[in-house]
1. Once you place label points 7 Å from the Cα toward the Cβ at Tyr310 and Thr35, how far apart are they in nm?
2. With every protein chain in place, what's the accessible area of Met349 (1.4 Å probe, Å², nearest 10)?
3. Given an 8 Å cut-off on Cα distances and at least 6 residues of separation, report the relative contact order of the chain as a percent.
4. Could you pull out every one of the lysines with an alpha carbon less than 22 Å from that of Lys280, ignoring same-chain neighbours closer than 8 positions?
5. Mean-square fluctuation check for the chain, GNM, Cα pairs under 10 Å: which of Tyr283, Tyr310, Tyr325 is largest?
6. What FRET efficiency, computed as 1/(1 + (r/R0)^6) with R0 = 41 Å and r the Cβ-Cβ distance, is obtained for Val22 and Ala203, rounded to the nearest 0.05?
7. If I take every Cα pair under 8 Å that is 6 or more residues apart in region 9-94, average their sequence separation and divide by the length, what percent do I get for the relative contact order?
8. If the cut-off is 21 Å between C-alpha atoms, which lysines fall inside it for Lys154, apart from same-chain ones fewer than 8 positions away?
Amino acid sequence: MEKRGEPIRVTRSSMPPFEEYVDMIRPLWDSHWLTNMGDLHQRLEAGLKEYLHAENLSLFTNGHLALEMTIQAFQLKGQVITTPFTFASTTHAIVRNGLTPVFCDIREEDYTLDPEKLEALITEETSAIVPVHVYGNLCRTAEIQEIADRHGLKVIYDAAHTFGVEVDGRSAASFGDASMFSFHATKVYNTIEGGAVAYRDAALAHEINGLKNFGILDEETVALVGGNGKMNEFQAAMGLCNLRHVDEEIGKRRLVYERYMERLSGVRGIRLCQPKPGVKMNYAYMPVVFDGFKWNRDEVFARLAEAGIYPRKYFYPCVNAYPCYADRYSPEDTPVAARISRQVLTLPMYADLALDVVDEICDIILG
Ligand SMILES: *Cc1c(COP(=O)(O)O)cnc(C)c1O
């Protein structure tokens, strides 16, 4: 096998050609307007509204603050139902708003919130549901909405993984009351750090845009107890450049995905997420579940690491096993999530991952 110089990590950030970025930021040396909803910010907001088919959209300096401040904007109380099979951000955004998370288990098939287990968790105290479109797999949105409507609950999606995903032409941004997207460097589409929230009710713009700028409404009026969640012009410039290339990047990810599927489908003890009819995927992650395979997840991880290949154990451990939540929760409350978290590995997946490296990874896994 040919020797690779560089280690292979789970992801590699998409970047535009250097000259393109320089051209985009050059006007900032004339305007000296570096942040606070400048020209590039406005252009990116318009561009993303169009790309995501979002009627209302606000940019943020990162996805986490977009979620945290959106939850704040809805002025929720009591309990919020979510899943523990996600990144720390989802639960932290709930808790940092003074709300109590209640963990619902996930589906075997796509690791999203299991609507069949949802209703039993709803109490008098429940005010909202925060499901996660994990790995870019869309949740059972219709079932979740039906239950939410019946109980008068808000639905705020953690859509951090679903940039560009559509089902029957309908954007991932269109479900529930709001959807948070992350544009972190490791995501399908990045603004270095960054994020956005798309929301149904145009009137919410006042709260959301206020909260991300200290609640300042005008020079003499501070009306909300906000924070600082503003996206700056250098982030917006990266976003505008990357937006030009994102479809091409997703197209390249598709080839990597297809190669993995070709090599790993049908192998005993290996489970892969299956494509769903009508869904335009973004190939954000390549999760593989080892269940009865000749090696367990940790053994596969070690074999790859030995060859300088570093997949990630996303999402292990489950959030309800974190030390900061251990006094109130247990992973045993969500047995499917607990088991999948011990069996799953997300393999390297990015636009420029060479197909012969994908083959090398599969050769090592299959032994
Ligand atoms: C990345 C991510 C976030 C947070 O986004 P940042 O932009 O890094 O703040 C939230 N939820 C999930 C599921 C994520 O993967």
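1. Placing both labels 7 Å along Cα→Cβ, they lie 2.9 nm apart.
2. Roll a 1.4 Å probe over it and Met349 shows about 0 Å².
3. This gives 22 percent for the chain.
4. The reachable lysines, counting only those whose Cα sits under 22 Å from Lys280, are Lys49, Lys187, Lys252.
5. Looking only at Tyr283, Tyr310, Tyr325, the biggest GNM fluctuation is shown by Tyr325.
6. E between Val22 and Ala203, to the nearest 0.05, is 0.55.
7. Relative contact order, region 9-94: 18 percent.
8. By straight Cα distance, Lys154 reaches Lys77, Lys117, Lys212.
The values are calculated or read from the model by the stated rules, or taken from the named source; none is laboratory data. Given the structure is predicted, the values throughout are model-derived calculations rather than measurements. Here the Cβ is made from the backbone with ideal geometry for all residues, glycine too, and neighbour counts use every protein chain on show. Areas reflect the complete protein model, heavy atoms only, side chains present, ligands, DNA and RNA absent. Shrake-Rupley method; radii C 1.70, N 1.55, O 1.52, S 1.80 Å.
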